[in-house]
Amino acid sequence: MMKKTLLIILSCGTFGVANADSFQDFNNNAFLQYGNVYVNQNQAGQAQEWSVGANVQTKNNIWINAIATGMPNNDSLAVSLPGYNTTLGGSTYGQFLATAKAGYAFQFGNGSSNGFQVIPYATYTYGTSLGAINQYYGLGVKPEYRFGSSLKISLDMTAYDATQAGGGAGLQPATVNPTFWGQTNNGYIQDFRYTINPEVQYDIAKTILLGVGYSYDNSFNQQQTTMNGAGNSTLYAKIGYLF
(Lines give C-alpha, C1' and ligand atoms only; values in the text may rest on other atoms or scores of the structure.)
Protein backbone atom coordinates (compact mmCIF):
# COMPACT_ATOMS: atom_id res chain seq x y z
CA MET A 1 0.00 0.00 0.00
CA MET A 2 2.87 2.34 0.87
CA LYS A 3 4.59 1.59 -2.45
CA LYS A 4 1.39 2.30 -4.41
CA THR A 5 0.91 5.59 -2.60
CA LEU A 6 4.52 6.60 -3.28
CA LEU A 7 4.14 5.65 -6.96
CA ILE A 8 1.02 7.82 -7.28
CA ILE A 9 2.79 10.79 -5.64
CA LEU A 10 5.80 10.42 -7.95
CA SER A 11 3.56 10.09 -11.00
CA CYS A 12 1.66 13.24 -10.07
CA GLY A 13 4.91 15.06 -9.52
CA THR A 14 6.20 13.97 -12.93
CA PHE A 15 2.93 15.08 -14.55
CA GLY A 16 3.18 18.46 -12.82
CA VAL A 17 6.71 19.00 -14.13
CA ALA A 18 5.58 18.02 -17.63
CA ASN A 19 2.80 20.56 -17.40
CA ALA A 20 5.13 23.23 -16.13
CA ASP A 21 7.53 22.51 -18.99
CA SER A 22 4.84 22.57 -21.67
CA PHE A 23 5.46 26.23 -22.55
CA GLN A 24 9.24 25.94 -22.41
CA ASP A 25 9.50 25.11 -26.11
CA PHE A 26 7.85 28.41 -27.00
CA ASN A 27 9.02 30.78 -24.28
CA ASN A 28 12.76 30.17 -24.18
CA ASN A 29 14.01 31.99 -27.25
CA ALA A 30 16.04 34.81 -28.76
CA PHE A 31 14.73 36.72 -31.77
CA LEU A 32 15.21 39.49 -34.32
CA GLN A 33 12.15 41.59 -35.19
CA TYR A 34 11.22 44.15 -37.84
CA GLY A 35 8.22 46.48 -37.51
CA ASN A 36 6.49 49.21 -39.48
CA VAL A 37 4.97 51.93 -37.27
CA TYR A 38 1.94 53.91 -38.47
CA VAL A 39 2.15 57.08 -36.36
CA ASN A 40 -1.31 58.38 -35.41
CA GLN A 41 -2.73 55.73 -37.77
CA ASN A 42 -0.55 57.04 -40.62
CA GLN A 43 -1.74 60.65 -40.25
CA ALA A 44 1.80 61.59 -39.20
CA GLY A 45 3.64 59.19 -41.47
CA GLN A 46 5.41 55.91 -40.96
CA ALA A 47 8.62 54.76 -39.35
CA GLN A 48 10.58 51.52 -39.36
CA GLU A 49 12.01 49.87 -36.29
CA TRP A 50 14.36 46.97 -35.62
CA SER A 51 14.36 44.98 -32.39
CA VAL A 52 16.37 42.24 -30.76
CA GLY A 53 15.01 40.38 -27.77
CA ALA A 54 14.71 37.24 -25.68
CA ASN A 55 12.14 35.38 -23.59
CA VAL A 56 12.74 33.02 -20.68
CA GLN A 57 10.23 30.92 -18.76
CA THR A 58 11.77 28.87 -15.96
CA LYS A 59 10.57 25.49 -14.73
CA ASN A 60 8.91 27.19 -11.77
CA ASN A 61 7.08 29.48 -14.25
CA ILE A 62 8.95 32.73 -13.67
CA TRP A 63 8.61 34.63 -16.97
CA ILE A 64 11.05 37.28 -18.23
CA ASN A 65 11.02 39.23 -21.48
CA ALA A 66 13.61 41.74 -22.70
CA ILE A 67 13.65 43.67 -25.96
CA ALA A 68 15.73 46.53 -27.36
CA THR A 69 14.22 48.59 -30.19
CA GLY A 70 15.86 51.15 -32.43
CA MET A 71 14.07 53.48 -34.81
CA PRO A 72 16.59 54.73 -37.42
CA ASN A 73 16.78 58.33 -38.55
CA ASN A 74 13.65 59.06 -40.55
CA ASP A 75 13.42 62.38 -42.34
CA SER A 76 9.86 61.96 -43.62
CA LEU A 77 8.47 61.19 -40.16
CA ALA A 78 10.48 63.80 -38.30
CA VAL A 79 9.62 66.76 -40.50
CA SER A 80 5.91 65.84 -40.44
CA LEU A 81 5.73 66.19 -36.67
CA PRO A 82 4.31 69.52 -35.41
CA GLY A 83 6.93 71.85 -33.92
CA TYR A 84 9.89 70.01 -35.38
CA ASN A 85 12.87 72.29 -35.91
CA THR A 86 13.44 72.06 -39.66
CA THR A 87 16.91 73.57 -39.28
CA LEU A 88 17.98 70.10 -38.16
CA GLY A 89 16.69 68.76 -41.45
CA GLY A 90 15.13 65.74 -39.79
CA SER A 91 18.39 63.86 -40.13
CA THR A 92 19.00 63.69 -36.38
CA TYR A 93 15.71 61.99 -35.60
CA GLY A 94 16.09 58.63 -33.93
CA GLN A 95 14.80 56.61 -31.01
CA PHE A 96 16.16 53.77 -28.90
CA LEU A 97 14.17 52.01 -26.18
CA ALA A 98 15.00 48.99 -24.00
CA THR A 99 12.12 47.23 -22.23
CA ALA A 100 12.11 44.52 -19.56
CA LYS A 101 9.07 42.58 -18.33
CA ALA A 102 8.94 40.13 -15.43
CA GLY A 103 6.02 38.09 -14.16
CA TYR A 104 4.65 34.69 -13.16
CA ALA A 105 2.79 32.27 -15.46
CA PHE A 106 -0.40 30.75 -14.03
CA GLN A 107 -1.17 27.59 -16.01
CA PHE A 108 -4.56 25.99 -16.60
CA GLY A 109 -5.38 22.65 -18.19
CA ASN A 110 -2.00 22.02 -19.75
CA GLY A 111 -1.40 18.93 -21.82
CA SER A 112 1.43 17.58 -23.93
CA SER A 113 0.13 19.25 -27.10
CA ASN A 114 -1.99 22.18 -25.89
CA GLY A 115 -2.33 24.48 -22.93
CA PHE A 116 -3.33 27.85 -21.56
CA GLN A 117 -1.56 30.24 -19.24
CA VAL A 118 -1.97 33.81 -18.00
CA ILE A 119 1.07 35.95 -17.16
CA PRO A 120 0.61 39.08 -15.04
CA TYR A 121 3.78 41.16 -15.13
CA ALA A 122 5.52 44.45 -14.35
CA THR A 123 7.35 46.35 -17.08
CA TYR A 124 9.95 49.11 -17.30
CA THR A 125 11.34 50.94 -20.36
CA TYR A 126 14.35 53.23 -20.59
CA GLY A 127 15.70 54.99 -23.66
CA THR A 128 16.08 58.17 -25.68
CA SER A 129 14.19 60.07 -28.38
CA LEU A 130 16.35 62.67 -30.10
CA GLY A 131 18.43 62.82 -26.92
CA ALA A 132 15.48 63.20 -24.52
CA ILE A 133 15.28 60.60 -21.73
CA ASN A 134 12.28 58.27 -21.80
CA GLN A 135 11.10 56.12 -18.89
CA TYR A 136 7.90 54.07 -18.91
CA TYR A 137 6.52 52.18 -15.89
CA GLY A 138 3.64 49.76 -16.26
CA LEU A 139 1.67 46.64 -15.41
CA GLY A 140 0.30 44.13 -17.85
CA VAL A 141 -1.22 40.72 -18.43
CA LYS A 142 -0.52 38.26 -21.21
CA PRO A 143 -2.83 35.26 -21.80
CA GLU A 144 -1.28 32.59 -24.05
CA TYR A 145 -2.79 29.53 -25.69
CA ARG A 146 -0.80 26.86 -27.49
CA PHE A 147 -2.10 24.00 -29.58
CA GLY A 148 -0.94 21.50 -32.15
CA SER A 149 2.47 21.28 -30.42
CA SER A 150 3.91 24.01 -32.65
CA LEU A 151 1.54 27.00 -32.60
CA LYS A 152 0.97 29.64 -29.92
CA ILE A 153 -1.31 32.67 -29.88
CA SER A 154 -1.10 35.42 -27.27
CA LEU A 155 -2.62 38.76 -26.35
CA ASP A 156 -0.29 41.14 -24.50
CA MET A 157 -2.07 44.07 -22.76
CA THR A 158 -0.23 46.81 -20.87
CA ALA A 159 -1.20 50.00 -19.03
CA TYR A 160 1.77 52.27 -18.41
CA ASP A 161 2.89 55.72 -17.34
CA ALA A 162 5.14 57.20 -20.04
CA THR A 163 7.50 60.07 -19.19
CA GLN A 164 9.99 62.09 -21.22
CA ALA A 165 12.46 64.48 -19.59
CA GLY A 166 13.69 67.41 -21.63
CA GLY A 167 13.39 68.00 -25.33
CA GLY A 168 16.61 66.43 -26.47
CA ALA A 169 18.82 67.96 -29.15
CA GLY A 170 17.75 71.50 -29.96
CA LEU A 171 15.01 71.33 -27.28
CA GLN A 172 12.67 69.55 -29.63
CA PRO A 173 9.05 69.11 -28.48
CA ALA A 174 7.88 65.68 -27.41
CA THR A 175 6.28 65.21 -30.81
CA VAL A 176 9.51 63.71 -32.13
CA ASN A 177 8.57 60.62 -30.09
CA PRO A 178 5.66 58.69 -31.66
CA THR A 179 4.47 57.83 -28.16
CA PHE A 180 3.74 61.51 -27.55
CA TRP A 181 2.80 62.49 -31.06
CA GLY A 182 0.72 65.67 -31.18
CA GLN A 183 2.05 67.11 -27.92
CA THR A 184 4.12 70.27 -28.20
CA ASN A 185 5.74 70.44 -24.76
CA ASN A 186 9.54 70.58 -25.05
CA GLY A 187 10.21 70.01 -21.35
CA TYR A 188 9.07 67.24 -18.99
CA ILE A 189 6.01 65.39 -20.26
CA GLN A 190 3.89 62.54 -18.90
CA ASP A 191 1.05 60.47 -20.32
CA PHE A 192 -0.92 57.45 -19.09
CA ARG A 193 -1.23 55.01 -21.98
CA TYR A 194 -2.19 51.47 -22.99
CA THR A 195 -0.97 48.90 -25.51
CA ILE A 196 -2.84 45.92 -27.02
CA ASN A 197 -0.68 43.37 -28.82
CA PRO A 198 -2.01 40.10 -30.37
CA GLU A 199 0.65 37.75 -31.77
CA VAL A 200 0.91 34.37 -33.50
CA GLN A 201 4.06 32.29 -33.03
CA TYR A 202 4.96 29.12 -34.91
CA ASP A 203 7.95 26.90 -34.29
CA ILE A 204 9.75 24.67 -36.75
CA ALA A 205 11.09 21.45 -35.22
CA LYS A 206 11.29 23.20 -31.83
CA THR A 207 14.29 25.10 -33.16
CA ILE A 208 13.25 28.01 -35.40
CA LEU A 209 10.72 30.62 -34.24
CA LEU A 210 8.51 32.49 -36.71
CA GLY A 211 6.09 35.15 -35.51
CA VAL A 212 3.80 37.93 -36.70
CA GLY A 213 1.92 40.47 -34.62
CA TYR A 214 0.07 43.74 -34.40
CA SER A 215 0.44 46.33 -31.65
CA TYR A 216 -1.87 49.28 -30.96
CA ASP A 217 -0.79 52.04 -28.58
CA ASN A 218 -2.75 55.10 -27.45
CA SER A 219 -3.34 57.53 -24.60
CA PHE A 220 -6.11 57.10 -22.04
CA ASN A 221 -6.43 60.88 -22.19
CA GLN A 222 -7.50 61.82 -25.71
CA GLN A 223 -6.97 65.51 -24.94
CA GLN A 224 -3.25 64.84 -24.78
CA THR A 225 -3.07 64.35 -28.54
CA THR A 226 -4.05 66.22 -31.68
CA MET A 227 -5.31 64.97 -35.06
CA ASN A 228 -8.09 63.07 -33.17
CA GLY A 229 -5.60 60.98 -31.19
CA ALA A 230 -6.04 57.87 -33.31
CA GLY A 231 -3.07 56.13 -31.72
CA ASN A 232 -0.09 54.29 -33.20
CA SER A 233 -0.24 50.92 -34.96
CA THR A 234 2.70 48.60 -35.55
CA LEU A 235 2.80 45.55 -37.81
CA TYR A 236 5.80 43.31 -37.20
CA ALA A 237 7.39 39.99 -38.06
CA LYS A 238 10.14 38.14 -36.25
CA ILE A 239 12.43 35.16 -36.55
CA GLY A 240 14.33 33.52 -33.74
CA TYR A 241 15.99 30.53 -32.16
CA LEU A 242 14.31 28.32 -29.55
CA PHE A 243 16.62 27.07 -26.81
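The values are calculated or read from the model by the stated rules, or taken from the named source; none is laboratory data. The structure displayed is predicted, hence computed values, not measured ones. Cβ atoms come from the backbone with ideal geometry, glycine included; neighbour counts cover every protein chain shown. In case anyone asks, the SASA skips ligands and DNA or RNA and just uses the protein heavy atoms, side chains included. Shrake-Rupley method; radii C 1.70, N 1.55, O 1.52, S 1.80 Å.
Results, tabulated for the structure shown:
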| quantity | calculated |
| --- | --- |
| Residue count for region 97-142, restricted to those that are within 18 Å of Gln24 (Cβ to Cβ) and part of a strand (DSSP E or B) | 14 |
| Filter pass, Lys101 being of a type in the set (Lys, Arg), more than 12 Å from the chain's Cα centre (by Cα) and closer than 23 Å to Tyr202 by Cα | no |
| Residue match in region 172-185 (condition: within 21 Å of the chain's Cα centre (by Cα), surrounded by fewer than 21 Cβ atoms within 10 Å (Cβ to Cβ) and modelled with pLDDT under 95) | no |
| Scan of region 143-164 for residues that are under 14 Å from Gln201 (Cα atoms) and assigned to a strand (DSSP E or B), ordered by number | Pro143, Glu144, Tyr145, Arg146, Phe147, Leu151, Lys152, Ile153, Ser154, Leu155, Asp156 |
| Subset of region 23-57 (residues that are crowded, with 21+ Cβ neighbours inside 10 Å and not in a strand (DSSP E or B)) | Phe23, Phe26, Asn27, Val39, Asn40, Ala44 |
| Conditions (1) touching a Pro at 6+ places or on another chain (Cβ under 6 Å); (2) at pLDDT 85 or above; number of the one not met by Val39 | (2) |
| Qualifying residue in region 186-193 (condition: more than 14 Å from the chain's Cα centre (by Cα) and at pLDDT below 70) | yes |
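Condition check ((1) modelled with pLDDT of 95 or more; (2) open to solvent by less than 10 Å² (accessible area, probe 1.4 Å); (3) out of contact with any strand residue (DSSP E or B) (no Cβ under 6 Å at 6 or more places or on another chain); (4) among the basic types (Lys, Arg)) across all residues:
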residue	(1), (2), (3), (4)
Lys101	yes, no, no, yes
Gln107	no, no, no, no
Gly115	no, yes, no, no
Gly127	no, yes, no, no
Val141	yes, no, no, no
Phe147	no, no, yes, no
